[in-house]
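Written below as structure tokens is the structure these notes are about.
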Amino acid sequence: MTIPAPYLLYLGHSDDEIGLKTSRGLAAFRSEDCVGEWRHDDCPFTLGLPRMDAAAARAAGARTLVLGIANPGGRFPDWMIGDALSAIRAGLNIACGLHQRLRDVPVLVAAAAEAGVTLFDVRDAPETLPVGNGRRRTGNRLLTVGTDCSVGKMYATLCLRDALRARGVVADFRATGQTGILIAGKGVPLDAVVADFIAGAIETLAPARTDQGWDLIEGQGSLFHPAFAGVSTGLLHGAQPTALVICHDPLRPHMRGLPHFPMPGLAECLDANLRVARLTSPDVRAVGVALNTVKLDEAAAQRLCSETEDALGLPCTDPYRFGAEAIVDLLLETSCAASSPFVTTLSR
């Protein structure tokens, strides 16, 4: 899916910081393609980009408004549709990854046709996908898993990819959610895949490879979230991972959207993910912990990483804040011990 850049990132009237993860992810990993942010006065958040509306963004060269909000249920609030119409009339394409499709909103379809712009629905799964078969396949695959949804799995996966590439290791990011797909330009939106085909979708997304490189697969949901555990299970089976990295928000008081469900412990969650993964990957191993420490000061964040590392016996870092080198050290060390060396020169 080629969505014309540059982008105007939409925050709208949102009061849910976690729900802005799509706009935030693009600002972090495709900053060169983002000209500004569109937020109203009652939105308390910012991405640190120039603030502008659709008309100003179009004048600044923007070509697409990204409705980068992931709200519960994935449906358009009325105010979002009104702003999308304004953007269309200003000459912007619209991209969105919500479960409700842009193409199913008649007023947007009509306006886009009149303005000669395009509506991009990011959360469209391929029309044909196989059922997973679980056959052992060659290649190195790392999957990020989480104690909850929206704890930093995509950030960790992209940071691990970049850290491997910096060492000359061939590494590819495999996107499984709307934000990752917008960043990578391709992938499979797992939460839009019929349940029977989730494992098969990942087998297709990360097939066998013989170049000794790595597939870095973006995790989704959590085995401990009653709404999303099914997606996580299918992903673990289809990924057939060589290695797991567990991601966690240490300040999360409960499962996202479920105040009656407490967060699981890190050790408990990691053990459960390893047990599920062993159905298709008996030799899977844990190679690190990725903490989201954005709301901690640096000293507290470093201390928590050190304490977690001691408690679990695994390297622990905030990969976006402090780098992923410690996890990559263990990943490469254990991989080289288990098989022949696989480090190759990254093609340029």
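Exactly one of these conditions fails for A55: (1) touching a strand residue (DSSP E or B) at 6+ places or on another chain (Cβ under 8 Å); (2) under 19 Å from A84 (Cα atoms); (3) open to solvent by less than 70 Å² (accessible area, probe 1.4 Å); (4) at pLDDT 95 or above. Give me its number.
For A55, the failing item is (1).
Show the residue pairs meeting these rules: Cβ distance below 9 Å; 6+ apart or different chains; first residue within the range 1-26 and under 14 Å from G177 (Cβ atoms); second residue basic (K, R) and surrounded by 20 or more Cβ atoms within 10 Å (Cβ to Cβ).
Sorted first by the residue in the range 1-26, then by its partner, the pairs are I18/R256.
Only one residue in G25, G36, G68, G74 is in contact with a His (Cβ under 7 Å, 6 or more places away or on another chain), crowded, with 17+ Cβ neighbours inside 10 Å and not aliphatic (A, V, I, L, M). Which one?
From the options G25, G36, G68, G74, the qualifying one is G74.
Counting residues that are under 20 Å from D121 (Cα atoms), which helices (runs of 4 or more DSSP H) fully inside the range 142-241 reach at least 2? Lay out the reasoning, then the answer.
Values: elements: 153-166, 178-184, 198-205, 229-239.
In the range 142-241, 178-184, 198-205 are the helices (runs of 4 or more DSSP H) which contain 2 or more residues that are under 20 Å from D121 (Cα atoms).
Restricted to the range 142-183, and to residues that are charged (D, E, K, R) and more than 21 Å from A229 (Cα to Cα), which residue is surrounded by the fewest Cβ atoms within 10 Å (Cβ to Cβ)?
Ranking the qualifying residues of the range 142-183, first place goes to R167.
What number of residues within the range 77-91 satisfy the criterion of being farther than 20 Å from I181 by Cβ, in contact with a His (Cβ under 9 Å, 6 or more places away or on another chain) and modelled with pLDDT under 95?
Here the count works out to 2.
Going by the conditions given, is P282 of a type outside the set (K, R), more than 15 Å from T147 (Cβ to Cβ) and surrounded by 15 or more Cβ atoms within 10 Å (Cβ to Cβ)?
no
Only residues that are within 23 Å of R278 (Cα to Cα), under 12 Å from the mean Cα position of the chain (by Cα) and of a type outside the set (F, W, Y): list them for the range 139-185, please.
L143, T144, V145, G146, C149, K153, M154, A156, T157, R174, A175, T176
Counting only residues that are in contact with a strand residue (DSSP E or B) (Cβ under 9 Å, 6 or more places away or on another chain) and part of a helix (DSSP H, G or I), which one in the range 334-346 is modelled with the lowest pLDDT?
A338
Whether any residue in the range 259-268 is surrounded by 15 or more Cβ atoms within 10 Å (Cβ to Cβ), in a loop (DSSP other than H, G, I, E, B) and either of a type in the set (F, W, Y) or modelled with pLDDT under 95 (or both) is what I want to check.
Checking the range 259-268: at least one residue is surrounded by 15 or more Cβ atoms within 10 Å (Cβ to Cβ), in a loop (DSSP other than H, G, I, E, B) and either of a type in the set (F, W, Y) or modelled with pLDDT under 95 (or both).
More than 18 Å from Y155 (Cα to Cα), open to solvent by 40 Å² or more (accessible area, probe 1.4 Å) and not aliphatic (A, V, I, L, M): is that true of H225 in this structure?
So H225 does not fit the description; no.
Only one of (1) closer than 16 Å to A163 by Cβ; (2) assigned to a strand (DSSP E or B); (3) out of contact with any Pro (no Cβ under 6 Å at 6 or more places or on another chain); (4) not charged (D, E, K, R) fails for I246. Which number is that?
Only one criterion in (1) closer than 16 Å to A163 by Cβ; (2) assigned to a strand (DSSP E or B); (3) out of contact with any Pro (no Cβ under 6 Å at 6 or more places or on another chain); (4) not charged (D, E, K, R) is unmet by I246, namely (1).
Considering the range 78-92 alone, what residues qualify as being more than 14 Å from V117 (Cβ to Cβ) and touching a residue at least 12 places away in the same chain (Cβ under 8 Å)?
W79, M80, I81, D83
The values are calculated or read from the model by the stated rules, or taken from the named source; none is laboratory data. Remember, it's a predicted structure, so these values are computed and weren't measured experimentally. When we count neighbours, we look across all protein chains shown, and the Cβ atoms used for this are built from the backbone with ideal geometry, even at glycine. We work out accessible area using only protein heavy atoms, side chains counted, and drop any ligands, DNA or RNA first. Shrake-Rupley method; radii C 1.70, N 1.55, O 1.52, S 1.80 Å.
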